[in-house]
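This report concerns only the one structure given below.
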Amino acid sequence: MSPSLAVLPYSNLSEGGEFSYFARGLTETITDSLSRVSGLKLIALASASNTGESDQDAQAMGDKLGVAQVVTGSVEKIGEQVRVHTRLVRVADGKSLWSAVHERQVDNVFAIHDEISQFIVSRLSELMAEQYQLPGSPSAGTVTQQDSSAYLLVLQANALRQGGSGQQLTEAQQLYRQALQLKPDYPQALIGLAAVIRARTTLGDIPREAGFPEALSLAHRAVLLAPDLADAFVQIGEIQYRHFWDFKQADASFQQALAAAPGSATAHAAYGRFLSKVGRHRAAIQQARTALELDPLSPGALASLIIRLIRVNELDQARQLLEQMKQRYPGDANIPWLETNWHIRHQSYNEALQWIALEELAYLRQSLSAMALHFLDRKGQAQKTLNELIATDAEGAAFQIAEVYAQWQQLDLAFVWLDKAFSQGDPGLSELYSSVNLHNLYEDERFFALAARLGLPVLSAQALRQP
């Protein structure tokens, strides 16, 4: 039987809590390292983090996550030293199977997560009477103060990047660049910088013609230095298909991500999103299920599976999961959007209209409202709503405007707006096959001509209708 494991968040015991980014970063890097072990079922950090951090609850948390063992521990900064306690706990009886203490100077912590990861993999090998290996583990060598300084800068930048605000992204970008000044060949700094530049470009802070090529170049540099860095391949794949419409190369990038880290929920989720974009909807559902298995407490993973099921008209399954989602994550921002799409597909338009009123994003609220109002024969109000969207967000929402016209069966106008989206480089066009709102265009030769211009695989109308 394959081992199953979750790395629970390391507790920060440092005075003042100023070292919390190190505790978080240590958890992330250990999780990332272990995701590369073939045959190990590893729960994603997002789900492991949702269970809490208390050492005494490790058994209960492991049971909730459905794993056989959990890794738990703490980080404490004492003067210029860092002390890391780590335990491997068996969930069945709460017994500590292994524990260790690592102590390092603050300026010598660069490789500590690799040491801990190796200890965990070694102990699992003994427990399971099989040989599990950590690919790409570093050989013994000299670790410089610059290495550790760059590592700490990257951990701080990662913490800021997860915040997601414009100011936090700007600060994270500066920290990644500082890390690269100290260690120019640092893959994690390169991929972090690529992710920040991509995010800031998407937000409009960096011109598209500069931002996306730079992000792609940085990610390629990262994988040249670290061919087993799954996150870099995921970044490359998403940039390739969303911003350059290079679906063939993107497929190869996602395959490389999964080969590098077969236990990565992030890689499975990203590949599932991609497969839906190229019309392979059943395969996309399987990837979404795998991602949810590896990240069982993630509302995002659950939402991704639900929308894939809606796309293939598996409405009963989607409804069951949507009810679970509302019970577990009642305030999740995806719920109004999912409910609206489900009800439009189910032709229950009054309910769709009630749900879409709760959508936070204006362009989604307006486009989906225009659809529901039209189906309720409130066509004047529907047109007014669409006109407001066109007046306020014609550039950013060209694809969504096309979806509205497609649902209204005004096909010529739908293609006018799809052409606008193409000329503007709208990332939404990558959803040409995965959208739940473009089915009225499938019999029109202009639809597949556009798909060919985008580089999408050639499919038939029947294949899209009955995936």
By how many degrees, between 0 and 90 and to the nearest 10, does the Cα long axis of helix 208-225 differ from the longest principal axis of the chain? 40 degrees
Once the mean 1/r over all distinct Cα pairs of the range 201-265 is inverted, what Kirkwood radius in angstroms do you read off? 12.0 Å
For the range 415-429, Karplus couplings with θ = phi - 60° (6.51, -1.76, 1.60), whole Hz, Gly/Pro x: 6, 4, 6, 5, 5, 4, 4, 5, 5, 8, x, 5, x, x, 5
Using alpha-carbon coordinates, inclination of helix 230-243 to the longest axis of the chain, degrees: 20 degrees
Semi-axis lengths, Å, the range 377-432, gyration tensor of Cα atoms, sqrt of 5 times eigenvalues: 19, 13, 8
Evaluated at 25 °C with a viscosity of 0.890 mPa s, what Stokes-Einstein diffusion coefficient in µm²/s does the chain have when Rh comes from the Kirkwood expression over alpha-carbon pairs? 103 µm²/s
Within the chain, what is the number of lysine pairs with alpha carbons under 22 Å apart, leaving out pairs fewer than eight places apart on the same chain? 7
Amide proton proximity set for Trp98, modelled H, under 5 Å, gap of 5+: Leu88
Binned Cα-Cα distance frequencies in the range 199-338 - 10 Å width, integer %: 12, 36, 34, 16, 2
Phi to ³J(HN,Hα) by Karplus 6.51 cos²θ - 1.76 cosθ + 1.60 over the range 30-39, Hz, x for Gly, Pro: 5, 4, 4, 4, 5, 5, 8, 7, 5, x
Which values of log₁₀ I(q)/I(0), to two decimal places, follow from the Debye formula for the range 145-226 at q = 0.11, 0.18, 0.25 Å⁻¹ with a uniform point scatterer at every Cα? -0.25, -0.66, -1.16
If every Lys and Arg gets +1 and every Asp and Glu gets -1 at its Cβ, then about the Cα centre the chain yields a dipole, in debye to the nearest 20, of 700 debye
Separation of alpha-carbon centers, the range 260-289 and the range 62-100, rounded to whole Å: 31 Å
Taking a temperature of 37 °C and a viscosity of 0.692 mPa s, what whole-number D in µm²/s does Stokes-Einstein yield for the range 4-128 with Rh from Kirkwood over alpha carbon pairs? 228 µm²/s
Interchain or sequence-distant (5+) residues whose placed amide H lies within less than 5 Å of the amide H of Val91 are Gln69, Val70
Taking the Cα-to-Cβ direction at Glu293 and at Ser165 and moving 7 Å from each Cα, how far apart do the two end points lie in nm? 4.0 nm
Cα pair distances exceeding 21 angstrom across the range 361-467, given as percent: 30 percent
The answer for Ala397, listing residues at least 5 apart or on another chain whose modeled amide H is closer than 5 Å to its amide H, is none
Taking the Cα centre of the range 361-467 as origin, sum charge times position over the Cβ atoms of Lys and Arg (+1) and Asp and Glu (-1), and report the length of that vector in debye to the nearest 20. 200 debye
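FYI, it's all coordinate maths here, none of it is from the lab. Keep in mind it's a predicted model, so treat the numbers as computed, not measured. As a convention, Cβ positions derive from the backbone with ideal geometry for all residues, glycine included, and neighbour counts pool all protein chains shown.
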